[in-house]
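Taking it in order: structure first as structure tokens, then the write-up.
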Amino acid sequence: MKSYEKLLLENKAWAAEQIGRDPEFFTRLSKLQSPEFLWIGCSDSRVPANEITNTAPGEIFVHRNIANLVVNTDLNMLSVLQYAVEVLKVQHVIVCGHYGCGGIKAAMTNNDLGLINKWLRNIKDTYRFHQAELDHIEDMELRANRLTELSVEEQVMNLAKTTIVQHAWKAEQRPVLHGWVYGLNDGILHDVIKMDSKTTLIDPIYQYR
Ligand code: CO
């Protein structure tokens, strides 16, 4: 059997198992999705949103890209954000990075990697904002870990700079924005930053009326 054929076979077994446990599972999900969470995570195969949070289909709306970036010209991410906030009315948006991220590590080198240079440039900018702190960390793995945390903070702040979030904060005092970092070594999520409509003051430069 070819590897991809195994996926199709496993899918049949999975679907049967779900129906065995809950006969209405697919009927219910096919009519409606009302997830409470939007997850913006890394594309890394080791950080699957549902598995690591022990959630089922229907519970998390997911967007993933390399190094879980929130880039203000990314129509893909912004469309996901707008739909999740304005139509699905999610209560929480989670940006989830992870230690050992290849994107973060690549951004810390001077290697010319082609097209992806442009994407990773966003991480280099975050490095520049925190260069004094980061250059002080001798151990390169620890330095990458810290950059991972700082980048997640930056992405959460990027969410707060969007009119999508600012409008929702003004009208409905949601969603709460979270920055988490996942440990590949131990499977644990670490809470790095939280921003909400009540306690967060957005830099006036980025505030829209
Ligand atoms: Co990654």
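Element breakdown for the chain at a 1.4 angstrom probe: carbon and sulfur atoms account for 55% of the accessible area. Across the range 45-50, computed HN-Hα scalar couplings (Karplus, 6.51 cos²θ - 1.76 cosθ + 1.60, θ = phi - 60°) run 5, 8, 10, x, 3, 5 Hz from first to last residue, x flagging Gly and Pro. For the range 34-198, the antiparallel share of DSSP beta bridges with both residues in that region comes to about 25%. Taking Cα centroids, how far is the range 82-161 from the range 49-71 in Å? For the range 82-161 versus the range 49-71, the Cα centre distance is 16 Å. Think of the chain as a dipole: +1 on every Lys or Arg Cβ, -1 on every Asp or Glu Cβ, centred on the Cα centre; then among LEU189, PRO204, PHE129, PRO204 lies furthest on the positive end. Ranked from largest to smallest solvent-accessible area, with a 1.4 Å probe on the protein heavy atoms, LYS198, LYS161, LYS6 come out as LYS198, LYS6, LYS161.
Applying the Karplus relation 6.51 cos²θ - 1.76 cosθ + 1.60 with θ = phi - 60° to the range 161-176 yields 3J(HN,Hα) values of 7, 7, 5, 4, 5, 4, 5, 5, 4, 5, 7, 9, 6, 8, x, 7 Hz, where x marks Gly and Pro. For a quick check: with amide H placed at 1.01 Å from N, whose amide H comes under 5 Å from ILE193's, ignoring anything fewer than 5 positions away on the same chain? Result for ILE193 returns GLY179. Considering helices alone, the calculated mean residue ellipticity of the chain at 222 nm is -13500 deg cm²/dmol, with DSSP H runs of length four and up weighted by -39500 (n - 2.57) and normalised per residue. Using a probe of 1.4 angstrom and keeping all protein chains present, the accessible surface of the chain works out to 59 square angstrom per residue.
Amide hydrogen proximity for VAL176: with H placed 1.01 Å from N in the peptide plane, the residues at 5 or more positions away or on another chain lying under 5 Å are HIS92, VAL93. Measure nothing but the geometry: give the 0 to 90° angle between the long axis through the Cα atoms of 3-21 and the longest principal axis through the Cα atoms of the chain, rounded to 10°. The angle comes out at about 70 degrees.
Relative contact order for the chain: what percent, with Cα pairs under 8 Å and sequence separation of 6 or more? Relative contact order comes out at 20 percent. Other residues lying with their Cβ under 15 Å from the Cβ of ILE60 contribute a combined charge of -1, Lys and Arg counting +1, Asp and Glu -1. For the range 124-209, applying the loop criterion from DSSP together with a ceiling of 11 other beta carbons within 10 Å to the chymotrypsin sites (Phe, Trp or Tyr not before Pro) yields TYR208.
Projecting the Cα atoms of LEU78, ASN65, VAL176 onto the dipole axis of the chain, where Lys and Arg carry +1 and Asp and Glu carry -1 at the beta carbon, places LEU78 farthest toward the positive end. Electrostatic tally near LYS105: other residues with Cβ closer than 11 Å to its Cβ, Lys and Arg +1, Asp and Glu -1, net 0. Let me confirm the definition first: pairs of Lys residues in the chain, 8 or more apart or on different chains, C-alpha distance under 19 Å. How many are there? Total qualifying Lys-Lys pairs in the chain comes to 13.
The values are calculated or read from the model by the stated rules, or taken from the named source; none is laboratory data. Everything numeric here is computed off the predicted structure, so don't read it as measured data. When we count neighbours, we look across all protein chains shown, and the Cβ atoms used for this are built from the backbone with ideal geometry, even at glycine. Accessible surface is based on the protein model in full, side chains and every heavy atom, while ligands, DNA and RNA are left aside. Shrake-Rupley method; radii C 1.70, N 1.55, O 1.52, S 1.80 Å.
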